[in-house]
Amino acid sequence: GTTFANGQPVTPADMKYTIERALAPSMQGPAPYFWSDLVGADEIAAGTATEAPGLVATDDSLTITLKEPSGSLLSRVGMKWLCPVPKGTPVKPIEDGSLLKDASTGPYVLESYTPSQEMVLVRNPKYAADVLGERGYADRFELPIVPKSQQTFEEVKAGQLDAHIGALDGTEASQALDDASLEGRVFANPESGIRYIWMNEDVPPFDNVKVRQAVNYAIDRTQIVKVLGGPAVAQPTDQIMPPTMAGWRDYEAYPNTPDLAKAKQLMQESGVKTPVAVKADVYDGDVDQQVAQVVQADLKEIGIELTFHVGPTNVLDPQQDKRANRVPMGAVAVWTQDYPNGDDFFTPLLDPRFADQPGHKARLDDASLTADFVAAQQETDPAKQADLYQALDEKVMRENAPWAPLYVPTVVQVVSDRVDGYVYHPVYNRINLATLYVK
């Protein structure tokens, strides 16, 4: 009962093609990683096949066969790059917006797109509201694309813009939350992600678990939050998963304010001779460098002398991704969920079976953990799986401490006084356009 914006019916064959197209190497996208458990995915990703035996389409169904059970399958099916496209869509990146004109199945289609300047969305006349539900109150969205939030914040306050879709920067977020004239128009939600330091377990002194634990006891997470703008814009954390994750509970493995006595004791027990010099990768953003300076001062107290290798993400990330480069530490790393399941935090970043893979920068290579990772991944009862990932979070942080988690950002958003219907999208950390309306 649904059609693409061009009027063509949406079929299971289209969905099968969508997944196979996303897996193709010419797309240069993330699908081969996220769908590596699909039967036949590896062959498509390698360029030796174009279809997966694990995908079987009939007139009214799509059957998906995986290599092993997966509790995250339904979340992964909903990832944004699996929005259906018509069978026969070219197997290459299409960056001019034309797919949003022809292939949209949602309440809006693209009218125009000028890269780095503006996107305009209008109602989709082919949207199947009787099947998918009524969504979308506005007739048209004009979306200017800007690099920073300061300009848009001022324009929303003045009524020149109706909303800032993303998150306000720290300064603007604090101003917005303190501005009495914006009461009822400012919204704060925890981001579905965290900021953290990773420590490479291949490289001294971080090949010693007591050093990694000492780092966690020494860092002043409360001070980091103050530097960011206070508790209105961030919350300290010592955990791998954010509090937005199902089943999350605060187990308090490490303190928010330093326990230097405990940290120094662990350093002494480690046998590492101090002071020890460490060069840490730091991204070139202002916030990252401010946080790194707090960490630098904290670790100096326990005999770890940090210096920084500063650079943009497109330079530092490829270097960190190669295990042979033995990059000792990264501060401050960012991870926001791709789909709402603990699997998205543990499998790409910490699974011991994939310690050689890009993204697995801490190189947690403890085979004794493998059974716990597999059990959590393959549990298909959502509540039981959430409990398993929460238990794995606590076990990894207490016993291995490959990271020093720092804080969970707060997403602060603002709308003008002429609109209502604000709804926060908890996966993508954005305003849900389909619920906004003019009063």
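Remark on Phe308: its backbone amide H falls under 5 Å from those of Ala280, a criterion applied only to residues 5 or more positions apart or on other chains, H modelled at 1.01 Å from N. Applied to region 97-104, the Karplus parametrisation 6.51 cos²θ - 1.76 cosθ + 1.60 on θ = phi - 60° returns per-residue 3J(HN,Hα) values of x, 5, 5, 6, 8, 9, 10, 4 Hz, with x for Gly and Pro. The order of Asp130, Asp344, Asp286 by accessible area, most exposed first and with a 1.4 Å probe, is Asp130, Asp286, Asp344. With all protein chains kept in place, the per residue accessible area of the chain amounts to 47 square angstrom at a probe of 1.4 angstrom.
Which length gain, in nm to one decimal place, applies between Ala324 and Asp356 when the Cα-Cα distance is subtracted from 0.36 nm times their residue separation?
Net length gain for the segment: 10.6 nm.
Note on Lys395: lysines with a C-alpha under 17 Å away, same-chain residues under 8 apart excluded, are Lys210, Lys384. For Leu364, what is the net charge nearby, where nearby means another residue's Cβ is under 9 Å from its Cβ and Lys, Arg count +1, Asp, Glu -1? Result for the local shell: -3. About the centre of its Cα atoms, region 324-439 shows a dipole size close to 480 debye [charges on the beta carbon of Lys, Arg (+1) and Asp, Glu (-1) only; nearest 20 debye].
Each residue of region 114-122 was assigned a 3J(HN,Hα) from its phi angle through the Karplus expression (A = 6.51, B = -1.76, C = 1.60, θ = phi - 60°), giving 10, x, 6, 10, 7, 10, 10, 10, 10 Hz with x at Gly and Pro. Annotation: amide H-H contacts under 5 Å for Val411 (H modelled 1.01 Å from N, sequence separation of 5 or more, or interchain): Asn189, Glu191.
In terms of accessible area, using a 1.4 Å probe and ignoring ligands and nucleic acids, Met15, Met267 rank largest first as Met15, Met267. In the structure shown, the pairs Lys148/Lys439; Lys80/Lys322; Lys264/Lys300; Lys300/Lys322 are assessed against 21 Å; a Cα-Cα span above that value is assigned to Lys148/Lys439; Lys80/Lys322; Lys300/Lys322. Placing pseudo-labels 7 Å out from each Cα toward the beta carbon at Lys148 and Val310 gives an inter-label distance of 1.6 nm. Spin-label pair Lys300-Asp60: with each label point 7 Å from Cα along the Cα-Cβ axis, the two points sit 7.1 nm from one another. Taking a Cβ cut-off of under 12 Å around Phe346, the surrounding Lys, Arg, Asp and Glu residues balance to a net charge of -3, with basic ones at +1 and acidic ones at -1.
When the Gaussian network model of the chain links Cα atoms closer than 10 Å, the mean-square fluctuations of His360, His425, His164 top out at His425. Applying a DSSP loop filter and a limit of 12 other Cβ atoms within 10 Å to the trypsin sites (Lys or Arg not before Pro) in region 172-259 leaves Arg249. Phi angles across region 222-228 convert, under the Karplus curve 6.51 cos²θ - 1.76 cosθ + 1.60 with θ = phi - 60°, into 3J(HN,Hα) values of 5, 5, 4, 4, 4, 4, 6 Hz, Gly and Pro given as x. When peptides 131-143, 296-308 are ranked by their average number of other Cβ atoms within 10 Å per residue, the highest-first order is 296-308, 131-143.
Farthest towards the positive end of the charge dipole of region 311-439, among the residues Leu436, Tyr389, Gln377, is the Cα of Leu436, using unit charges on the Cβ of Lys, Arg, Asp and Glu. Leu161 exposes around 40 Å² of accessible area when a 1.4 Å probe is run over every protein chain in place. Comparing Ser416, Ser174, Ser116 in a Gaussian network model of the chain (Cα springs below 10 Å), the most mobile by mean-square fluctuation is Ser116.
In region 41-88, what trypsin sites (Lys or Arg not before Pro) fall in a loop by DSSP, with at most 13 other Cβ atoms inside 10 Å? Taking region 41-88 and a limit of 13 other Cβ atoms within 10 Å, the loop trypsin sites (Lys or Arg not before Pro) found are Lys67.
Highest GNM mean-square fluctuation among Asn341, Asn314, Asn400, for the chain modelled with Cα contacts below 10 Å: Asn314. Under a 5 Å amide H cut-off, with hydrogens placed 1.01 Å from N, Val332 pairs with Tyr283 among residues at least 5 apart or on other chains.
Treating only the Cα positions of the chain as identical point scatterers, give the base-10 log of I(q)/I(0) from the Debye formula at each q in 0.08, 0.10, 0.13 Å⁻¹. So the normalised log intensities work out to -0.53, -0.83, -1.31.
Of the heavy-atom accessible surface of the chain (probe 1.4 angstrom), what whole percent is carbon and sulfur? Let's see the in-between values first.
Values: 10370 of 20500 Å².
Carbon and sulfur atoms account for 51 percent of the accessible area of the chain.
The values are calculated or read from the model by the stated rules, or taken from the named source; none is laboratory data. Being a predicted model, the structure only gives us computed values, none of them experimental. For neighbour counting, all protein chains shown are included, and Cβ atoms are generated from backbone atoms with ideal geometry for every residue, glycine included. What goes into the accessible areas is simple: the full protein's heavy atoms, side chains included, and nothing from ligands, DNA or RNA. Shrake-Rupley method; radii C 1.70, N 1.55, O 1.52, S 1.80 Å.
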